[in-house]
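Heads up, the thing below is written out as structure tokens.
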Amino acid sequence: MAGEPVTGGAVARADRGRSFFSDVLAACLILWPPLWVFDPFHLIQPHLMVEQFAVLELAFCLAWAVFMRLPAGRTIAALAVMAVLVLCGWLFLRFPDLTLSIYDGRSETLVLSVLLMSVCFIAGWFLAGRGLTVLVALFLLYGILTLHFPSTFSALGGGTRTFLTYMTFGSDAIIGQTLIVVTVTVSCFVLFGRAFLLAGGAKAINDLALWLGGRDAGAPVKTAVLASGMFGTISGNATSNVLTVGSVTIPLMMRYGVRPATAGGIEAVASTGGQLMPPVMGTAAFMMAELTGIPYAEIALAALLPALLFYFVLLVEAHRIGKATAKPAEADAPHVDRAAALRSLAIFAFILIGVSVLLFWYGRSPEWAAVLGILLCGLVAISRGRRALAWTAVRRELREVAAILVPLVVTAAIVGIMLAVINTTGLGVMLAFLLEQIGGKGLFLSLLVAAAASYLLGLSLSTAAVYVISATLVAPGLVALGVPVMAAHLFVLYMAMLSMISPPVAFACLATCGLTGASFSATCREALRFSVLIFWIPFVFIYNPGLLLIGSAWQIFVALATASAAALAASAALARTRDRLVEAVLYAGLAILVVWPMLPDWLRLVAAALVALWFSPIARGFRDRQPSQKAP
């Protein structure tokens, strides 16, 4: 009995020590990316390679993960952290020399490569998902086996030693472009989104959405869509959007009579669209810029109209579902006056315009725009009299931000292995050729195959991982069929995005379950039911590239007008599938004809104008009054 207090005290000291060191590591991995980007006195970038920066960030992330995963007071935890820091520290110091010996077969580079791959696989198993880790391991095994295949399938020359070394030191490997994009660009935007929250941005967006949503029966559902869309311009992380915006919109929808599973599914879909909304898109969009060589600013501009169409479709569905499931506003329902909403709009616009001007007007890099956004959020917080956070709040923020960044960095590291295998074995070229052969029977069939491949991958992987795989295996085949590079990659990006609401992964749906208390399966069903019209958007901009700002101003106008009309007609078809099947078929056919590119533009515009007139409030009111006039 006498020894128990000593043991308890030792454990408590170990907990405090682990907490202190984990907070230090969290601070390092959070501050290192913006410090690299800003580099005020030019003391860092002139003396370090960007790969060395990425290795050090990976070291901080892996060490923090070890601290948080292994039990305190155990010698193995301290040894594991030391081993990770020594390994990455050696890579950091020796990287310039090691990269020159990739093809020499030196034992040092081989041992370091195998050790880092092993550490990344272990970390990926716990942080990036078992499905992705197993898939990457299968790709690596395939790459090793190709060394013994005929020359048609041969991998990188030089044997097994060179192949394993390349998996770490290649330009598309662990310490390659994927890790660099995540550690430099994505990390800065994650910090920007968090700074926006601390500056009061979440409340500003919710107030503005409540004001714009109105007070009719569909108001809470439309408020959720608007709030998620506006927050998506700042944060491209679907789970973060759910937890931030959903904490307000989900209880509001449930208060108006929307079932918990339906409220969770609606919020999951609306938050997922934040990955598509410029100027701050999701991780996959930054990887797209790296893989295609297209500047991020051009990608964001091209994605603007499809993103607006995405939320227009959701608003149409929100109005339909809201009227069917929600009840009118109560007298004591949340109300925001116009002055407060306009103040919120000014705060939101100040930050958003500042980032957009730097990104689109001056053409600065995305990470620079993110750092400016962080500074603007600080100015807003100071102007609004926000108090400094207490030390406990600071530590909580450090842990929460680290919990977001670390899985992203680990995922980028192991995805780099997969990209290295694909590029060294020629697997991507073979699959692109296969897709091109299928395309000989029709572009639409190839699009269906590409969509199915991306969607099936999304059933077990995150959006970024699915996009990287699809972009290297599927998108080249679409480009070979004549699809513009931008359109092909945005097509697979849209399909990859749907993994956030597709079981068994459905991270966005899983996040809403904690706010609604509904079952995961029911939430996924409602999310898919609410998002069914979203699936046709990628097909629409493939056949109407004007939606991606490709072509003349007239082509862009025709594409946007006809796609919007098609959304109205498709929503009407979906609403009549059960009771009025003939009308549903007619509306669905009209939606297809309006966006069919083979028809003359003038005919499509006339059809779009008739659809808009038919669903206008005036026409709808006239149709609603006719039954009452005939009643006795």
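The values are calculated or read from the model by the stated rules, or taken from the named source; none is laboratory data. All of these numbers come straight from a predicted model, not from anything done at the bench. Cβ placement follows ideal geometry from the backbone for every residue including glycine, while neighbour counts extend to all protein chains displayed. What goes into the accessible areas is simple: the full protein's heavy atoms, side chains included, and nothing from ligands, DNA or RNA. Shrake-Rupley method; radii C 1.70, N 1.55, O 1.52, S 1.80 Å.
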Residue within the stretch 373-385 that is modelled with pLDDT under 75 and open to solvent by 30 Å² or more (accessible area, probe 1.4 Å) present: yes
Subset of the stretch 351-372 [more than 21 Å from the chain's Cα centre (by Cα) and open to solvent by 70 Å² or more (accessible area, probe 1.4 Å)]: Ile353, Trp361, Tyr362, Arg364
Output for the stretch 254-280, where each listed residue is out of contact with any Ser or Thr (no Cβ under 8 Å at 6 or more places or on another chain) and over 21 Å from Ile404 (Cβ atoms): Arg255, Tyr256, Ile266
Contacts under 6 angstrom Cβ, first residue in the stretch 162-181 being over 14 Å from Asp104 (Cβ atoms) and open to solvent by 10 Å² or more (accessible area, probe 1.4 Å), partner small (Gly, Ala, Ser) and not in a loop (DSSP other than H, G, I, E, B), 6 or more apart: Asp172/Ala420; Thr178/Ala412; Thr178/Gly416; Ile180/Ala54
In the stretch 166-176, residue farthest from the chain's Cα centre (by Cα) [restricted to those that are of a type outside the set (Gly, Ala, Ser) and either at pLDDT 85 or above or at positive phi (or both)]: Tyr166
Candidate set from the stretch 280-301 (those that are open to solvent by less than 10 Å² (accessible area, probe 1.4 Å) and assigned to a loop (DSSP other than H, G, I, E, B)); member that is farthest from Glu526 (Cα to Cα): Val280
In the stretch 251-279, the residues that are part of a loop (DSSP other than H, G, I, E, B), over 24 Å from the mean Cα position of the chain (by Cα) and of a type outside the set (Lys, Arg): Tyr256, Gly257, Val258
Residue count, the stretch 84-104 (criterion: aliphatic (A, V, I, L, M), at pLDDT 90 or above and touching a helix residue (DSSP H, G or I) at 6+ places or on another chain (Cβ under 9 Å)): 5
Unique match (being over 24 Å from the mean Cα position of the chain (by Cα), among the polar types (S, T, N, Q) and assigned to a helix (DSSP H, G or I)) among Thr392, Thr411: Thr392
Among the residues listed as Ile205, Ile250, the single one being open to solvent by less than 10 Å² (accessible area, probe 1.4 Å) and modelled with pLDDT of 75 or more: Ile250
Cross-chain or 6+ apart pairs with Cβ under 7 Å, the stretch 546-561 first and within 20 Å of Val611 (Cα to Cα) and touching a residue at least 24 places away in the same chain (Cβ under 8 Å), then outside any loop (DSSP other than H, G, I, E, B) and open to solvent by 30 Å² or more (accessible area, probe 1.4 Å): Leu547/Leu560; Val558/Asp601; Val558/Leu605; Ala561/Leu605
Qualifying position, being open to solvent by less than 20 Å² (accessible area, probe 1.4 Å) and modelled with pLDDT of 80 or more, among Val410, Val449: Val410
Residue, farthest from Met281 (Cα to Cα), within the stretch 318-340, restricted to residues that are buried (at least 17 other Cβ atoms within 10 Å of the Cβ), modelled with pLDDT under 70 and of a type in the set (A, V, I, L, M, F, W, C): Ala329
Residue within the stretch 268-290 that is more than 30 Å from Pro484 (Cα to Cα) and in contact with a Lys or Arg (Cβ under 9 Å, 6 or more places away or on another chain) present: no
